[in-house]
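The values are calculated or read from the model by the stated rules, or taken from the named source; none is laboratory data. Remember, it's a predicted structure, so these values are computed and weren't measured experimentally. Positions of Cβ are backbone-derived with ideal geometry, glycine not excepted, and every protein chain shown enters the neighbour counts.
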Amino acid sequence: MTNVFQQSFNVVIPADADPIPTTVITGSSAGNPSQINIDRNFARWPRIDGVNETLPASPTSVDGTITYDLSSGAANIQPNTLPTDDFLSWHVGHQLEYLANEGTTTNGVTFVRLTQNGNTTQTRLDAIVNAEGTDVIILQQLTKNDIAQLSSATQALLAQYLADLSVASNRTFLESAWGVQAKTSADGASTAGAEALADINALKTLIGSSNLTASEQALFTGQLDNMITRLGTTAFVSRVEIGAQVQAIQERFERANAFKAGLTAANASLDNNVTITNGFNNFITQETRILALDNQRLQLSQFGSLGGRALDAPSLIALLQLYYNLDKEAKVAAETEEVQQQNALLRDYAQMQNLVNDALQSFSTGENGSKEDRNINGSQDAQTLAVLSATERTIVRMFDQGLAASNHPIEVLRNIPRQTEDIAAGVIIDSNVNILVEKSQNSWNIFATQLSDTVTLINQQSQILTNEISSLNRERNRHFDLANNALRRLNETLNTIARI
């Protein structure tokens with residue numbers, strides 16, 4: 001059997017030949033290796049030179065009472081008898097030697113399954129050697145973020161190992177524990193990659209049939225194309241995260257599409273759609289920023305350079321964090337614009353409510369009021385729209401059943417139909433023709449209640465939007481802090497080196 005400790009270890013772990021297939025820096029500890037891997041990093045390969053620093057020829061049990069001769073083929077080191085706790089306590093060098101002696105290689109994957117406690121992925125320990133041959137990966141200890149930081153080659157080995165599992169439930173257990181799924185599998189059971197791609201392409205098709213111009217559509221389809229590019233760099237996919245990203249793009253697209261339709265909508269607002277137009281332009285401006293930043297992040301993650309100049313790790317991290325900060329800033333600006341659009345719509349509703357309340361106050365008190373019919377001007381005389389001010393006529397046109405008012409984009413997005421009433425007879429918008437309809441006190445009260453209920457529905461989204469803006473601002477500030485920290489630590493390191 002091979003004894004890897006019969007040779008000197010004067011080596012350095014090589015950099016991955018291909019970039020690590022992660023394009024997301026989370027801005028939190030979740031983006032770092034798990035604590036298990038951190039604990040093992042105290043004695044990685046570069047620290048062993050075979051002369052001044054060496055490993056014992058044989059590892060021991062956790063309590064130190066058993067010494068394992070890894071080259072002996074003894075019964076106590078067989079995969080079905082070796083305690084998993086002992087294996088996990090070994091230096092990675094001992095683990096590599098163990099896999100070299102006791103492991104199995106199938107389809108390029110060298111692995112071992114310690115089955116002392118059972119032979120399912122819930123009870124056993126599955127370990128494989130990474131593609132570089134420098135580490136042992138414990139499958140039951142992996143997290144989604146650990147997998148994202150593996151090289152493409154190691155991810156491919158991990159996916160191959162899953163594909164070779166003969167019991168589908170073992171594969172499902174690991175994928176569920178990791179929160180990611182292999183894009184494909186040999187038996188065809190894993191279709192996560194195809195499903196994610198189908199979701200992305202379905203949204204691209206929807207965008208292509210929208211009211212937006214080709215250049216406006218490209219702002220959204222460009223982000224989806226970047227998702228497809230990233231999908232091709234990894235052997236694993238998180239259906240939850242892909243779904244959330246697609247949903248976020250779809251929500252922003254639907255908002256832009258609704259406001260595009262609102263640019264020419266008749267009587268959608270009281271200012272002849274000026275505010276709607278400003279909102280649409282702002283949404284497109286922010287989406288342009290979001291796509292540009294996404295393109296820059298993708299380029300950095302693929303090439304690690306800016307303007308043809310390679311970046312060191314702290315500069316790369318700082319720049320990525322800055323891009324994320326600016327991305328959140330653009331999304332905050334868009335969300336804030338939506339709040340302003342909603343407030344503008346509520347102001348329009350408030351003016352209609354004021355008209356109705358004024359009409360109700362004109363009714364006689366007591367039983368006499370219930371017998372009267374009055375128009376929106378509070379009069380019992382035959383009147384046309386001409387008796388109203390220009391602003392009041394605009395309000396009536398917005399809320400009258402027969403004057404072909406269009407829904408405001410906010411009403412479209414919230415799926416809230418506008419409450420209308422037969423206020424002025426006729427469908428020809430002419431202040432001298434449209435006769436103001438007289439209605440009972442009860443009818444105006446019902447309309448007032450309907451307006452109030454609609455305002456309540458629209459307002460329900462206010463707190464949700466406010467919470468989203470607060471969350472985005474916190475994330476934005478966190479990314480900025482991390483960018484500063486990366487540069488600060490680089491400066492500290494340079495100063496330390498300069499003093500040596």
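Worth a mention:
- Candidate set: segment 70-101, residues that are part of a loop (DSSP other than H, G, I, E, B) and of a type in the set (Gly, Ala, Ser); chosen: the one nearest to Val136 (Cα to Cα): Ser71
- Checking Ser452, Ser443, Ser471 one by one, the residue that is hydroxyl-bearing (Ser, Thr, Tyr), out of contact with any His (no Cβ under 9 Å at 6 or more places or on another chain), surrounded by 13 or more Cβ atoms within 10 Å (Cβ to Cβ) and under 19 Å from Glu251 (Cβ atoms) is Ser471 and no other.
- Selection status of Leu494, in a helix (DSSP H, G or I), surrounded by fewer than 17 Cβ atoms within 10 Å (Cβ to Cβ) and at pLDDT 85 or above: no
- Residue-level check: of (1) surrounded by fewer than 19 Cβ atoms within 10 Å (Cβ to Cβ); (2) among the polar types (S, T, N, Q); (3) touching a helix residue (DSSP H, G or I) at 6+ places or on another chain (Cβ under 9 Å), Gln341 misses just (1).
- For Ser406, the criteria (1) touching a residue at least 12 places away in the same chain (Cβ under 8 Å); (2) of a type in the set (Ser, Thr, Tyr); (3) loosely packed, with under 14 Cβ neighbours inside 10 Å hold in every case but one, which is (3).
- Here Thr285 meets the list (1) of a type outside the set (Phe, Trp, Tyr); (2) within 19 Å of the chain's Cα centre (by Cα); (3) closer than 21 Å to Leu472 by Cβ almost entirely, failing just condition (2).
- Among the conditions (1) in a helix (DSSP H, G or I); (2) under 29 Å from Ile376 (Cβ atoms); (3) under 39 Å from the mean Cα position of the chain (by Cα); (4) of a type in the set (Val, Ile, Thr), Ile446 misses just one, which is (3).
- Boolean, Leu270 is surrounded by 19 or more Cβ atoms within 10 Å (Cβ to Cβ), outside any loop (DSSP other than H, G, I, E, B) and in contact with a helix residue (DSSP H, G or I) (Cβ under 8 Å, 6 or more places away or on another chain): no
- Complete set of residues in segment 129-152 that are at pLDDT 90 or above and small (Gly, Ala, Ser): Ala131, Gly133
- Selection from segment 380-409 of residues that are polar (S, T, N, Q) and under 15 Å from Phe447 (Cβ atoms): Gln401
- Given (1) among the polar types (S, T, N, Q); (2) crowded, with 19+ Cβ neighbours inside 10 Å; (3) within 24 Å of Gln296 (Cβ to Cβ); (4) modelled with pLDDT under 90, index of the condition Thr233 fails: (2)
- Qualifying residue in segment 349-366 (condition: of a type outside the set (Ser, Thr, Tyr), farther than 27 Å from Ala405 by Cβ and at pLDDT below 95): yes
- Enumerated strands (runs of 3 or more DSSP E) restricted to segment 102-149, each holding at least 2 residues that are buried (at least 18 other Cβ atoms within 10 Å of the Cβ) and among the hydrophobic types (A, V, I, L, M, F, W, C): 109-114, 125-129, 136-138
- Enumeration of residues in segment 212-263 that are over 29 Å from Glu411 (Cβ atoms), of a type in the set (Ser, Thr, Tyr) and not in a helix (DSSP H, G or I): Thr233, Thr234, Ser238
- Of all the residues in segment 349-389, those that are touching a Leu at 6+ places or on another chain (Cβ under 9 Å), within 30 Å of Glu411 (Cα to Cα), of a type outside the set (A, V, I, L, M, F, W, C) and part of a loop (DSSP other than H, G, I, E, B) number 3.
- Segment 198-211, subset among the small types (Gly, Ala, Ser) and part of a helix (DSSP H, G or I), residue farthest from the chain's Cα centre (by Cα): Gly208
- Any hit, segment 298-315, residues being under 23 Å from Phe220 (Cβ atoms), touching a Pro at 6+ places or on another chain (Cβ under 8 Å) and surrounded by 17 or more Cβ atoms within 10 Å (Cβ to Cβ): yes
- Taken over segment 324-370, the criterion of being more than 21 Å from Ala268 (Cβ to Cβ) and without any contact (Cβ under 8 Å) to a residue 24 or more places away in the chain is satisfied by Asp358, Gln361, Ser362, Ser364, Thr365, Gly366, Glu367, Asn368.
- Scope segment 121-174; condition small (Gly, Ala, Ser) and over 27 Å from the mean Cα position of the chain (by Cα); matching residues: Ala127, Ala131, Gly133, Ala163, Ser166, Ala168, Ser169
- Pair list, Cβ under 8 Å, 6 or more apart: segment 204-215 residue surrounded by fewer than 16 Cβ atoms within 10 Å (Cβ to Cβ), other residue modelled with pLDDT under 95: Asn211/Ala261
- Screening Val129, Val92, Val112 for residues that are among the aliphatic types (A, V, I, L, M) and farther than 22 Å from Thr67 by Cα leaves exactly one candidate, Val129.
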